[in-house]
Every structure is written in C-alpha cells, then in structure tokens.
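Only one structure is covered here, and it is reproduced in the block below.
The values are calculated or read from the model by the stated rules, or taken from the named source; none is laboratory data. Worth saying up front: this structure is predicted, and the values here are computed from it rather than measured. Note that each Cβ is placed from the backbone with ideal geometry, even for glycine, and that neighbours are counted across all protein chains shown. Note: areas computed on protein heavy atoms with side chains; ligands, DNA, RNA excluded. Shrake-Rupley method; radii C 1.70, N 1.55, O 1.52, S 1.80 Å.
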Amino acid sequence: MDISTATARRISRLAWATAAGGTLLGQVHALARAQAHPDDFEESPLARAWGEPATRALRPLLDWSDPTTVYLTWGKIWIPVCLGFTAAAYLVYRRRQPGGAERRLWQITLAAYLVMTISVAGDYLTPWMDQMFVVGIVAMLVIGFGGIALGLLLLRHGFRPRTTAVLLMIFMPFLFAVTTVTSLGSALLPLMWGWAVAAQAAVSHDADMAAASSRVPELPEVVRG
C-alpha cells in the first residue's frame, strides 16, 4: 500500500503530537497508578521523590473519581501513543523499501508494535488486564531485542537519522532505568521520539524529491548565424 505525501505529513504530525503528549501526560498516568497502587512509591524512592509533590500539585487531575477509575482513564493515553509510533514506523518502512535480513527485522518489529498496541488497548478497554499485560511484556521483549538487531543493521546500511537507530538499540536498558523513576508506559519514550524524528525525515525527503522533480532544466539557446 502506497502512502501519499499528504498522508505522510499527517502521520508525522500525529507522531510528534503523541510523543509530546505521551511524555507529559504519561507522568500524570504514573501518578494515577501510584494512587491506585500505593506500593509503587514504597518500592521506588526516586519515583516517590518527585511523585509525592507532583501529586499534591496536580490534585485536580487525580482526585475527580476513585483511584482505579482515574488510573484506567489516564492509561488510555497510551493507545494513541502506540498508534502514533506504529504508523510512523510503517511510513518509514514503506519509504525505505528494505530487502533481505533488514526487511525481516522490520516485519518482526512492526508486528511487535501492533501486538503492543492491541495489548495496551486491551489493558484499558477490556476486563482482561492481566492477560493483556502478559501479551505486552512479550511484545516488549521482541521490541527490545529486535530493536538492537534492527538498529545495528540500520546503522550498517547508512540509515538516517541515526538517532532513531540508536533509540531502538537502547530500548531495553532504558526500560529498566525509567521504571525506577516513573511507570512502565514511559519505557515507550525512545520509540515515540525515535519514530517521530524518522517520520519527519521521510516527509522532508518527500518534499526535497518533489522540489527536484518540479525543476525544469534550462535548454541551451540555439545560436543562429
């Protein structure tokens, strides 16, 4: 399926918007989770250090219903976030048209993103949260280890922007680091920003190609004697 230039621009804007929204609102979700699961702050002093004053400051966003309802409602922000980076990654894949081992790794990665999106939607929209959480963990493992392989191959093949490849490779260590400070959802930050940057690069390349094709070469004047 071909992706038009107009659709590519919309995907890029979606990726940037969901990356920014996920970065900010994801922390509100982390605070909501801590209210629904008080042990979170007990187990993570770093999360408690910023979480307790932030909870007091953002009280109107967190006390409008019971803790579980607030937690599940804010958790829904991760659904558009997953859709945003998945769409951006698919755009870059279609524009790149890779072959061989790289193509296989792309397909595995995109499939894992899709499973992750389904898992997140199942977490917050269905009663099967425990089952969907397990599905999400499996998807994260595939994304993490597959991202290392794909990122290395992208760098080897001269992919630009390099930032995206590097962010794919650090997904697993970032996951373990970020969960000492905030909730698991923020482990998606490298994917959110990495694919937003890559989608923007794809859109810019489309614009450059369109500009180049619109230039009509000047024909040399014929001198008549």
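Data table
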{"quantity": "Cβ-Cβ under 6 Å pairs, at least 6 apart or on other chains, segment 19-42 side farther than 26 Å from Trp195 by Cα and touching a residue at least 24 places away in the same chain (Cβ under 8 Å), far side open to solvent by 50 Å² or more (accessible area, probe 1.4 Å) and part of a helix (DSSP H, G or I)", "calculated": "Gln35/Pro67; Ala36/Pro67; Ala36/Thr68"}
{"quantity": "Pick from segment 115-172, criterion under 23 Å from Gly75 (Cβ atoms) and polar (S, T, N, Q), ranking: most open to solvent (accessible area, probe 1.4 Å)", "calculated": "Gln131"}
{"quantity": "Failed item in (1) closer than 24 Å to Gln27 by Cα; (2) surrounded by fewer than 20 Cβ atoms within 10 Å (Cβ to Cβ), with Arg103 passing the rest", "calculated": "(1)"}
{"quantity": "Only one of Leu114, Leu61, Leu110, Leu105 that is in contact (Cβ under 8 Å) with a residue 40 or more places away in the chain and of a type outside the set (Ser, Thr, Tyr)", "calculated": "Leu105"}
{"quantity": "Single residue of Leu125, Leu150 found to be aliphatic (A, V, I, L, M), in contact (Cβ under 8 Å) with a residue 24 or more places away in the chain and touching a helix residue (DSSP H, G or I) at 6+ places or on another chain (Cβ under 7 Å)", "calculated": "Leu150"}
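Here's the yes/no breakdown for (1) under 23 Å from Met116 (Cα atoms); (2) part of a helix (DSSP H, G or I); (3) open to solvent by less than 30 Å² (accessible area, probe 1.4 Å); (4) of a type in the set (Asp, Glu):
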{"residue": "Val28", "(1), (2), (3), (4)": "yes, yes, yes, no"}
{"residue": "Ala34", "(1), (2), (3), (4)": "yes, yes, yes, no"}
{"residue": "Ala47", "(1), (2), (3), (4)": "no, yes, yes, no"}
{"residue": "Ser65", "(1), (2), (3), (4)": "no, no, no, no"}
{"residue": "Thr73", "(1), (2), (3), (4)": "yes, yes, no, no"}
{"residue": "Pro80", "(1), (2), (3), (4)": "yes, yes, no, no"}
